1. Would you point out the residue of the stretch 121-138, among those that are among the charged types (D, E, K, R) and surrounded by 17 or more Cβ atoms within 10 Å (Cβ to Cβ), that is farthest from GLU11 (Cα to Cα)?
2. Which residue, of ALA284, ALA313, ALA273, is under 15 Å from the mean Cα position of the chain (by Cα), closer than 23 Å to GLY36 by Cβ and buried (at least 19 other Cβ atoms within 10 Å of the Cβ)?
3. State the number of residues belonging to the stretch 56-76 that are open to solvent by 40 Å² or more (accessible area, probe 1.4 Å) and farther than 22 Å from HIS267 by Cα.
4. Checking the condition among the β-branched types (Val, Ile, Thr), in contact (Cβ under 8 Å) with a residue 24 or more places away in the chain, in contact with a strand residue (DSSP E or B) (Cβ under 7 Å, 6 or more places away or on another chain) and open to solvent by less than 60 Å² (accessible area, probe 1.4 Å), which residue from VAL98, VAL85 passes?
5. Suppose the filter is of a type in the set (D, E, K, R), out of contact with any His (no Cβ under 8 Å at 6 or more places or on another chain), open to solvent by 40 Å² or more (accessible area, probe 1.4 Å) and closer than 16 Å to LEU144 by Cβ; does ARG262 pass it?
6. I'd like to verify a number: residues in the stretch 6-49 that are assigned to a loop (DSSP other than H, G, I, E, B) and either closer than 24 Å to GLU311 by Cβ or among the aromatic types (Phe, Trp, Tyr) (or both), how many?
7. Got a number for residues in the stretch 283-313 being part of a loop (DSSP other than H, G, I, E, B) and free of Cβ contacts under 8 Å to residues at least 60 places away in the same chain?
8. Name the residues in the stretch 287-300 that are under 19 Å from the mean Cα position of the chain (by Cα) and either open to solvent by 30 Å² or more (accessible area, probe 1.4 Å) or of a type outside the set (Lys, Arg) (or both), would you?
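The values are calculated or read from the model by the stated rules, or taken from the named source; none is laboratory data. None of the values given here were measured: they were computed from a predicted structure. Using ideal geometry, Cβ is built from the backbone for each residue, glycine included, and neighbour counts are taken over all protein chains shown. These accessible areas exclude ligands, DNA and RNA; they are computed on the full protein's heavy atoms, side chains included. Shrake-Rupley method; radii C 1.70, N 1.55, O 1.52, S 1.80 Å.
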Amino acid sequence: MRNWVLPEYLEDILPPEARRIESLRARLLELFRVHGYELVMPPLLEYTESLLTGTGHDMDLRTFKLVDQLSGRTMGLRADITPQVARIDAHLLNRKGVTRLCYCGSVLHTLPAGLSATREPLQIGAEIYGHAGIESDLEIQRLLEQALKLCKLPDARLDIGHVAVFRTLAQRGRASVELEADLFAALQAKDVSALKTLVKSLDKTTRGAILLLPELYGGREVIARARRALPKHAQITRALADLERLSAMEELPVSIDLADLRGYHYHSGVAFAAYCARLPNAIALGGRYDGVGKAFGRARPATGFTLYLQELARLAPAEPVSGCIQAPRVDDPALDAAMASLRSAGEMVIQDLPGHEDARDEGRCARRLVRQKGKWQVRPN
């Protein structure tokens, strides 16, 4: 095997795609900024005690680990930036009121999330800390929808669920920790036959409600069906009311899925995922995760979302590119001034290097600077 072959599910990002990714990154961070979200930049490496706090077993399996040569302690290469931002809010900023933060950076996964996924996703996201009400969930969902509109994605849609529905049913049926885990796995796999076997030890009402969850998928009418069919419990009633408010937004097509327990060990309330018709994997994930900050000394309510920039860049329509301008290698202050003026206006100007004039930057430049009537002017090649 050649030494320069990259490991599986890792890739170089070449200039055209890198340009699209950087353009989206800048525009999304500006969108977050004007909505009051402050940028933070956590480190790529942390001790695993803090990096994996509150994230559940799944994140532990996805995290590359190594031994710190300075301290001898185990460190991890982050697989998700969200816990790091929660640590910054709880432990470093230590604000009493609402805090809005955003971030952008690479993460590493031991295994890809799907057949077409990379093991080095580039995450960008926004989080709200310090508010437990539905209003912050609404703000986050609206911000996500604006982000997807900014990217001009075709046929984007949103799937929304709520972990409190299943969690309440498991508690109501006094399911053991092992049984709850098995029920969770069967629901995630939509394995109805396994569910029928697992629920036999539960009471009749709980049994029927859990078996119904895989069928509670579809449009907003699912909420009305759930109200009629599920047990009358305060937490379930509140969860359905939250889903009704969130699904009433008309910006994107919305589906309700009460059996989708994505991030069950991590989320504490509403959870959502955004999809696009051209990709099988989610392009955005988000929801409420009130418990993560507790391990850092402050149990702050939190809600937010993460987008994956590589997928966004591949799906978003390409921005028009004017192309570069070729400049000759001439010792002329007027030429230097002309190039500086063009660059300050955002134009890409490439000056010839001796011995390579014939290549003309491999044909990328459709225009050139020429001296006409005593002035340097841009002309087509």
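1. Initially, the stretch 121-138 is screened for residues among the charged types (D, E, K, R), giving 127, 135, 137.
Adding the requirement that they be surrounded by 17 or more Cβ atoms within 10 Å (Cβ to Cβ) leaves 127, 137.
On the way: GLU127: 29, ASP137: 35 Å.
The qualifying residue farthest from GLU11 (Cα to Cα) is ASP137.
2. Working: ALA313 fails: closer than 23 Å to GLY36 by Cβ; ALA273 fails: closer than 23 Å to GLY36 by Cβ.
Only one candidate qualifies: ALA284.
3. Here is the first cut: in the stretch 56-76, the residues open to solvent by 40 Å² or more (accessible area, probe 1.4 Å) are 57-58, 60-62, 64-67, 69-74.
Then keep just the ones that are farther than 22 Å from HIS267 by Cα; that gives 64-67, 69-74.
Residues flagged as open to solvent by 40 Å² or more (accessible area, probe 1.4 Å) and farther than 22 Å from HIS267 by Cα within the stretch 56-76 amount to 10.
4. Working: VAL98 fails: open to solvent by less than 60 Å² (accessible area, probe 1.4 Å).
None of the others qualify; the one that does is VAL85.
5. Values: of a type in the set (D, E, K, R): yes; out of contact with any His (no Cβ under 8 Å at 6 or more places or on another chain): yes; open to solvent by 40 Å² or more (accessible area, probe 1.4 Å): yes; closer than 16 Å to LEU144 by Cβ: yes.
So ARG262 passes the test.
6. First, the residues of the stretch 6-49 that are assigned to a loop (DSSP other than H, G, I, E, B): 6-14, 35-37, 40-44.
Subsequent filtering for residues that are either closer than 24 Å to GLU311 by Cβ or among the aromatic types (Phe, Trp, Tyr) (or both) retains 6-14, 35, 37, 40-42, 44.
Of the residues in that region, 15 qualify.
7. In the first step, residues of the stretch 283-313 are kept if they are part of a loop (DSSP other than H, G, I, E, B); the result is 283, 289-291, 297-301.
Checking the rest, the ones that are also free of Cβ contacts under 8 Å to residues at least 60 places away in the same chain come to 299.
Count: 1.
8. The first filter runs over the stretch 287-300 and keeps only residues under 19 Å from the mean Cα position of the chain (by Cα), leaving 287-290, 292.
Across the stretch 287-300, the qualifying residues are GLY287, TYR289, ASP290, VAL292.
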